[in-house]
Amino acid sequence: MYPDLLGQVSLVITSPPYVDVTDYAEDQWLRLWFLGGPPHPKPGSYSDDRHTRKDAYWKFLTEVWAGMDGLLSDRAKIVIRIGGKLDLDELCDGLQDSLTAGLPGRTIAPLGDVNTSELRKRQTNAFRPGTKTGVEHDFMFEVLAKQKQ
């Protein structure tokens, strides 16, 4: 932990891994090639840390939020860009629930509407022409201080 940052962070901007979307080895093939790996991506050739089960994914995010709890100021904002194979309702509910569970005693309130962006020019299209165009969503939450007892 960073003791000089305890209670000091007022803004967190993050884009966590998406459910069952990212194959880290395939996405990082160019870096691996520079390190002596094959010159082209080979899907499924490495074990990765992909999140494939929704329950495990939300547990992971709950642990992420819990890990930053002590760093957050009394009034903080969290901006999250996320997409993948979950629909908007699942993302809204899952983020709210995981933030509430990971930041116990704090008040979590959505700020504004969710902004949705269509992904058009993706690296994936260069290697897999015709892949389905996805979307990403931007969420904003206000996180208020733990309630005094």
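The values are calculated or read from the model by the stated rules, or taken from the named source; none is laboratory data. Note that this is a predicted model, so its numbers are computed, not measured. With ideal geometry, Cβ positions are generated from the backbone for all residues, glycine too; neighbour counts draw on all protein chains shown. SASA here: full protein model, heavy atoms, side chains in, ligands and nucleic acids out. Shrake-Rupley method; radii C 1.70, N 1.55, O 1.52, S 1.80 Å.
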Seminar exercise, completed: Checked segment 101-149 for anything at pLDDT below 95, touching a strand residue (DSSP E or B) at 6+ places or on another chain (Cβ under 8 Å) and within 16 Å of D69 (Cβ to Cβ); matches are A145, Q147
Seminar exercise, completed: Considering segment 5-34, residues that are among the hydroxyl-bearing types (S, T, Y) and modelled with pLDDT under 65, and then whichever is surrounded by the fewest Cβ atoms within 10 Å (Cβ to Cβ), we arrive at Y24
Exercise. Does L91 count as open to solvent by less than 70 Å² (accessible area, probe 1.4 Å) and touching a Phe, Trp or Tyr at 6+ places or on another chain (Cβ under 6 Å)?
Worked result: no
Problem set entry | Tally, over segment 73-88, of residues that are open to solvent by 10 Å² or more (accessible area, probe 1.4 Å) and among the hydrophobic types (A, V, I, L, M, F, W, C) | 3
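Residues are listed down the side, and each one gets a yes or a no for (1) exposed (fewer than 12 other Cβ atoms within 10 Å of the Cβ); (2) at pLDDT 95 or above:
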residue: P3; (1), (2): yes, no
residue: G36; (1), (2): yes, no
residue: Y57; (1), (2): no, no
residue: L99; (1), (2): no, yes
